[in-house]
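Engineer: Below is a structure I'd like to ask you about.
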Amino acid sequence: MKIFIDTANLDMIREIDGWGVLDGVTTNPSLIAKENTDVRTRVKEIAGIVDVPISAEAMAPDAPGMIREGRELASIHENINVKLPMCVEALKAVKVLSGEGIDVNMTLIFTPQQALLAAKAGARYVSPFIGRLDDIGADGTEALGQVLAVLSNYGFETEVIAASIRGPMHVFEAAAMGCDIATIPYNVLQQMVSHPKTDEGIQNFIKDYEKSKKT
Ligand code: G3P
């Protein structure tokens with residue numbers, strides 16, 4: 001499974017790239033706002049530090065606007081793909097943008113039917129939101145499984161990005177189902193590294209190493 005980081009924070013991106021596990025970056029307007037910057041400036045900066053796909057969200061309300069904004073965002077750097085929120089206007093825009101060779105990440109996907117439409121229209125990525133379904137008492141993992149099951153019946157090149165990840169269990173569940181990509185917040189990536197028995201084992205090895213040096 002490819003690992004994307006779900007952030008617009010440059011230090012976090014640098015750090016995870018340094019771990020040797022980074023396959024991509026996803027941003028959204030909320031993540032960009034947290035960094036007190038704008039999408040164009042920030043995705044250009046990200047493209048300057050890592051050589052991986054980067055999602056930048058277009059916010060126009062209609063297809064002509066999404067197409068214009070999508071072209072503009074994609075022209076910033078060859079690694080930039082355009083994130084569009086699932087709706088009729090976005091489907092129309094995906095058809096045009098993908099026809100021009102611009103990758104689209106269809107976001108805010110909650111059902112396999114939405115994913116099917118996005119894939120048919122030509123989306124390069126679809127992003128089912130697992131955590132936000134769990135938030136309302138639904139089963140985000142089950143929805144992700146349904147998206148994967150439907151798309152795998154056909155020959156789509158669309159890759160599924162497990163998004164709105166809230167913890168290591170979401171990552172495990174996505175990987176166990178063979179999801180193509182998970183976009184993971186920085187804190188969850190850190191949680192994935194640790195295990196109390198690993199930490200305890202390291203401390204014991206350090207203690208015994210120090211003891212053995214003295215003998
Ligand atoms: O970037 C899209 C998605 O991963 C956002 O997640 O935590 O805001 O539901 P969240």
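Engineer: From Ala123, Ala93, Ala74, Ala118, which residue is buried (at least 23 other Cβ atoms within 10 Å of the Cβ), modelled with pLDDT of 95 or more and away from the ligand (no atom under 16 Å from the Cβ)? Show your work before the answer.
Structural biologist: Working: Ala123 fails: away from the ligand (no atom under 16 Å from the Cβ); Ala74 fails: buried (at least 23 other Cβ atoms within 10 Å of the Cβ); Ala118 fails: away from the ligand (no atom under 16 Å from the Cβ).
Just one listed residue meets the conditions, Ala93.
Engineer: Please work out which residue is farthest from Lys2 (Cα to Cα), limiting yourself to the range 174-189 and to residues that are under 16 Å from the mean Cα position of the chain (by Cα) and assigned to a helix (DSSP H, G or I).
Structural biologist: Asn187
Engineer: Here's another thing I want to ask about it. Just one of Phe205, Phe129 is closer than 30 Å to Cys87 by Cα and aromatic (Phe, Trp, Tyr); which is it?
Structural biologist: From the options Phe205, Phe129, the qualifying one is Phe129.
Engineer: Inside the range 151-164, can you point out the residues that are at pLDDT 95 or above and in a loop (DSSP other than H, G, I, E, B)?
Structural biologist: Answer for the range 151-164, where residues must be at pLDDT 95 or above and in a loop (DSSP other than H, G, I, E, B): Asn153, Tyr154, Phe156, Glu157, Thr158, Ser164.
Engineer: Given Gly140, Gly99, Gly145, which one is surrounded by 20 or more Cβ atoms within 10 Å (Cβ to Cβ), modelled with pLDDT of 95 or more and more than 19 Å from Thr27 (Cβ to Cβ)?
Structural biologist: Only one candidate passes the filter, namely Gly140.
Engineer: Give the residue, chosen from Lys211, Lys207, that is surrounded by fewer than 17 Cβ atoms within 10 Å (Cβ to Cβ) and at pLDDT below 95.
Structural biologist: Sole residue among the options that is surrounded by fewer than 17 Cβ atoms within 10 Å (Cβ to Cβ) and at pLDDT below 95: Lys211.
Listed here are the residues, each with its yes/no results for (1) among the charged types (D, E, K, R); (2) in contact (Cβ under 8 Å) with a residue 40 or more places away in the chain; (3) in a strand (DSSP E or B).
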site	(1), (2), (3)
Ala119	no, no, no
Pro128	no, no, yes
Gly145	no, no, no
Ala149	no, no, no
Arg166	yes, no, no
Phe172	no, no, no
Glu200	yes, no, no
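Engineer: Is it true that Thr107 is among the polar types (S, T, N, Q), surrounded by fewer than 16 Cβ atoms within 10 Å (Cβ to Cβ) and either in a helix (DSSP H, G or I) or in contact (Cβ under 8 Å) with a residue 40 or more places away in the chain (or both)? Write out each step before concluding.
Structural biologist: Details: among the polar types (S, T, N, Q): yes; surrounded by fewer than 16 Cβ atoms within 10 Å (Cβ to Cβ): no; either in a helix (DSSP H, G or I) or in contact (Cβ under 8 Å) with a residue 40 or more places away in the chain (or both): yes.
No; evaluated as a whole, the condition is false for this residue.
Engineer: Within the range 74-83, can one find any residue that is over 15 Å from the mean Cα position of the chain (by Cα) and among the charged types (D, E, K, R)?
Structural biologist: Taking every residue of the range 74-83 in turn, at least one turns out to be over 15 Å from the mean Cα position of the chain (by Cα) and among the charged types (D, E, K, R).
Engineer: Kindly indicate whether any position in the range 1-18 is outside any helix (DSSP H, G or I) and either modelled with pLDDT under 95 or among the basic types (Lys, Arg) (or both).
Structural biologist: Looking for residues that are outside any helix (DSSP H, G or I) and either modelled with pLDDT under 95 or among the basic types (Lys, Arg) (or both), one finds at least one in the range 1-18, hence yes.
Engineer: Looking at the range 189-205, can you tell me whether even one residue there is out of contact with any strand residue (DSSP E or B) (no Cβ under 9 Å at 6 or more places or on another chain), within 12 Å of the ligand (Cβ to nearest atom), within 24 Å of Ala8 (Cα to Cα) and not acidic (Asp, Glu)?
Structural biologist: No, the range 189-205 contains no residue that is out of contact with any strand residue (DSSP E or B) (no Cβ under 9 Å at 6 or more places or on another chain), within 12 Å of the ligand (Cβ to nearest atom), within 24 Å of Ala8 (Cα to Cα) and not acidic (Asp, Glu).
Engineer: What is the residue count in the range 53-98 for residues that are without any contact (Cβ under 8 Å) to a residue 40 or more places away in the chain and either hydroxyl-bearing (Ser, Thr, Tyr) or in a loop (DSSP other than H, G, I, E, B) (or both)? Step through it out loud before you land on a result.
Structural biologist: Applying the first criterion (without any contact (Cβ under 8 Å) to a residue 40 or more places away in the chain) to the range 53-98 yields 54, 56, 58-80, 82, 84-98.
Cutting the leftovers down to either hydroxyl-bearing (Ser, Thr, Tyr) or in a loop (DSSP other than H, G, I, E, B) (or both) gives us 58-62, 75-79, 86-87, 98.
Number of matching residues: 13.
Engineer: Does Val43 satisfy the condition of being part of a helix (DSSP H, G or I), surrounded by 19 or more Cβ atoms within 10 Å (Cβ to Cβ) and within 14 Å of the ligand (Cβ to nearest atom)?
Structural biologist: In short, yes.
Engineer: Restricting attention to the range 47-71, and to residues there that are of a type in the set (A, V, I, L, M, F, W, C) and surrounded by fewer than 16 Cβ atoms within 10 Å (Cβ to Cβ), which single residue is farthest from the ligand (Cβ to nearest atom)?
Structural biologist: Ile49
The values are calculated or read from the model by the stated rules, or taken from the named source; none is laboratory data. Because the structure is predicted, anything quoted here is derived from the model rather than measured. Cβ coordinates were reconstructed from backbone atoms using ideal geometry, including for glycine residues, and neighbour counts include every protein chain displayed.
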